[in-house]
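Notes for the one structure printed next.
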Amino acid sequence: MRTLSHVAIAVLTVCAAAPAQAQTAIDAASDFARSMDGITSMDSIGVPNDTFISALESDAEAGRPLALWQLGTMYENGEGVDKDPVKAFGYYSQIAIQHADTAPKGLEADIVARSFVKLGDYFREGAPEVGLKQDPVESHRMLMHAASYFGDAEAQYRVGLLYQQEDGLGVSPTLSARWLQAAASKGHCLAQAGLGNLLFNGMDSYPPRPAEGLMWLNVAHNTCLGTVDQAVADDMLNRALSSASPEDRAAAQAMASASTSNSVELGIEFN
């Protein structure tokens, strides 16, 4: 029988080192969590489930973010364990508290940033079972830390949307566009679609820039293709195409042709 010594680390290290599909630690942990869906034991790898959980908990007690994140997602989703929102919140909180000032780039940064996003969700929605009331201010603070310090694309996308809402961070099309572009340039497809939608339609005193907007919406279509976000992105694109002029379509196509990748940098200025 395999010994307990770093069983969890052995398994998770394999995930973290996987090429192509799992490009970051957060991807690796998420992929591994999905692979556990419905599993009641780890006999397939020669390790009983309770032994595996014990090993994860041991690594979590040592403060290892990957183990903390793995346990958090398992207890949040009931993957290999019974759902326990209190434990899930505790693990995400531990990551945020212990690693808030970790280096913003590197293996652990993705997990820490995403933990702040998770906490933002808890504070936004409230969690009676955890004893949390809805707290939009705290939710925004969690997201802003992930977006600004860690440069997390999902957090930047959400901050961009909050600058389109009076009950969010207040309506500021300029700030919204800046945050959306930050996430869009990292390949976040819904941020690309949101930026395209904003540019195409304009907002308040922010004038439309339909050619640039249509270009970003086309980029979003390609990035979102085959994902759960495809329908949302394509709906924005189709609505824009229904009112776009031939000139705007041609200009958008020229901009897209000039780009060499989906991480488009057009030097857009937001005044």
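The values are calculated or read from the model by the stated rules, or taken from the named source; none is laboratory data. All values derive from a computational prediction rather than experimental measurement. Cβ placement follows ideal geometry from the backbone for every residue including glycine, while neighbour counts extend to all protein chains displayed. For accessibility, only protein heavy atoms count, side chains too; no ligands or nucleic acids. Shrake-Rupley method; radii C 1.70, N 1.55, O 1.52, S 1.80 Å.
What is the gain in length, in nm to one decimal, between ALA258 and SER245 on full extension, counting 0.36 nm per residue of separation less the C-alpha to C-alpha distance? Working shown, then result.
Working: separation 13, 0.36 × 13 = 4.68 nm, distance 2.02 nm.
In short, 2.7 nm is gained.
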Self-check item: Surrounding net charge for HIS221, when Lys and Arg each add one and Asp and Glu each subtract one, Cβ distance under 11 Å
Solution: -3
Self-check item: Relative contact order for segment 157-229, counting Cα pairs under 8 Å that sit 6 or more residues apart, in percent
Solution: 24 percent
Practice problem: Under a cut-off of 18 Å between alpha-carbon atoms, report the lysines in cross-link reach of LYS186, not counting same-chain residues fewer than 8 places apart. | Solution: LYS105
Quiz item: Which lysines have a Cα less than 27 Å from the Cα of LYS83, not counting those fewer than 8 places away in the same chain?
Solution: LYS118, LYS133
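Checking a compactness column here: for segment 157-245, what do you get for Rg(Cα) / (2.2 N^0.38 Å), N being the number of residues? Intermediate results must be reported in sequence, preceding the final value.
Working: Rg = 12.0 Å, N = 89, 2.2 N^0.38 = 12.1 Å.
Segment 157-245 yields a ratio of 0.99.
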Quiz item: At what distance in angstrom do the alpha carbon centres of segment 88-160 and segment 164-238 lie from each other?
Solution: 23 Å
Exercise. Can you tell me how much longer the chain between GLU125 and LYS105 gets when fully stretched, taken as 0.36 nm per residue apart minus their C-alpha distance, in nm with one decimal?
Key: 4.3 nm
Self-check item: For segment 100-258: accessible area per residue (Å², 1.4 Å)
Solution: 47 Å²
Practice problem: Using label points projected 7 Å from each Cα along Cα→Cβ, tell me how many nm separate VAL137 and GLN98, to one decimal. | Solution: 3.0 nm
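Using +1 on the beta carbon of Lys and Arg, -1 on that of Asp and Glu, and nothing else charged, what's the dipole of segment 96-136 about the Cα centre, debye to 20? Write out the running numbers ahead of the final one.
On the way: 5 positive and 7 negative charges, 14 e Å.
Charge dipole, segment 96-136, about its Cα centre: 60 debye, nearest 20.
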